[in-house]
Amino acid sequence: MMPLRLSAIIAGILLSAALHAGVYRWVDENGVTVYSQVPPPADIEKKLMEAPPPPPVSEEKAWEEVNRDWREMRDRQDVTKEQAIADSEKQEKQQKQEENCETAQRSIKELRNPDIKFIKKRDGTTERLSAKEREKQLSKAREMEEEYCR
């Protein structure tokens, strides 16, 4: 919206400058009325046309329009930023869910192996697993898989 409005303003300024340069009107040898910024040959009767006055616009109204345009632009930027943040958060959440799913599936695979007698804890220490503890850990891993691997 803003670039379009800016283009219109620039075009208006250029057009008004061109109009102030003068527009000539004359009738050529075929009887066609010609309008041009370039004066006709010297032997042709011509009339220099005056540009109409610009439409009256109060300074207050012009500033209101500028301020409205700036507010609209800021609002669009805010919406764009909010959308980018929401997309980023959604992507992070999905990535975390995928990581948790992989962890759960890896745990299930490891806990199904009866030869594994120890499990590594989060703090880096190892703990001996009883059959009962193995089943408990396997159950937790299956719950995690169900929650994160949908």
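What follows draws every value from the coordinates through simple rules; no lab data is involved. It should be emphasised that the depicted structure is a prediction, and the values quoted were computed from it without experimental measurement. As a convention, Cβ positions derive from the backbone with ideal geometry for all residues, glycine included, and neighbour counts pool all protein chains shown.
Find the Cα radius of gyration of the range 14-101, compare it with 2.2 N^0.38 Å by division, and give the number to two decimals. If you can, show how the numbers build up before the last one.
Working: Rg = 29.2 Å, N = 88, 2.2 N^0.38 = 12.1 Å.
The reported ratio for this selection is 2.42.
Using Cα positions and a limit of under 12 Å, work out the aspartates and glutamates in reach of Lys46, with same-chain residues fewer than 8 apart set aside.
Partners found: Asp28.
Where the only charges are on Cβ atoms (+1 Lys, Arg; -1 Asp, Glu), what is the dipole of the range 96-150 about its Cα centre, to the nearest 20 debye? Write out the running numbers ahead of the final one.
Values: 15 positive and 13 negative charges, 53 e Å.
My answer is approximately 260 debye.
Which entries of Lys96/Lys121; Lys120/Lys140; Lys90/Lys120; Lys96/Lys140 show an alpha-carbon separation above 25 angstrom in the structure shown?
Working: Lys96/Lys121 20 Å; Lys120/Lys140 15 Å; Lys90/Lys120 31 Å; Lys96/Lys140 18 Å.
As for pairs spanning more than 25 Å Cα to Cα, those are Lys90/Lys120.
Do me a favour and compute the ellipsoid semi-axes for the range 96-150 from its Cα gyration tensor, root of five times each eigenvalue, largest one first, whole Å. Working shown, then result.
Numbers: eigenvalues 81, 32, 15 Å².
Calculated on Cα positions only, the semi-axes equal 20, 13, 9 Å.
Within the chain, which DSSP H helices have Cα atoms that stretch 30 Å or more along the helix axis and a mean Kyte-Doolittle hydropathy of at least -1.0? Present the calculation step by step, with values, prior to reporting the outcome.
Details: long enough: 59-112 (79 Å, -2.04).
Result, helices passing both filters: zero.
Exposed loop GluC sites (Glu not before Pro) only (DSSP loop, at most 12 other Cβ atoms within 10 Å): please give the longest stretch of the chain free of them, not including the sites.
Numbers: sites that count: Glu29, Glu45, Glu50.
Value returned for the longest uninterrupted segment is 51-150.
Once the Cα atoms of the chain are picked out, what are the Rg and Dmax in Å?
38.7, 115
Name the residue, out of Arg74, Arg106, Arg122, whose mean-square fluctuation peaks in a Gaussian network model built on the chain with Cα pairs under 10 Å.
Of the options given, Arg122 has the highest mean-square fluctuation.
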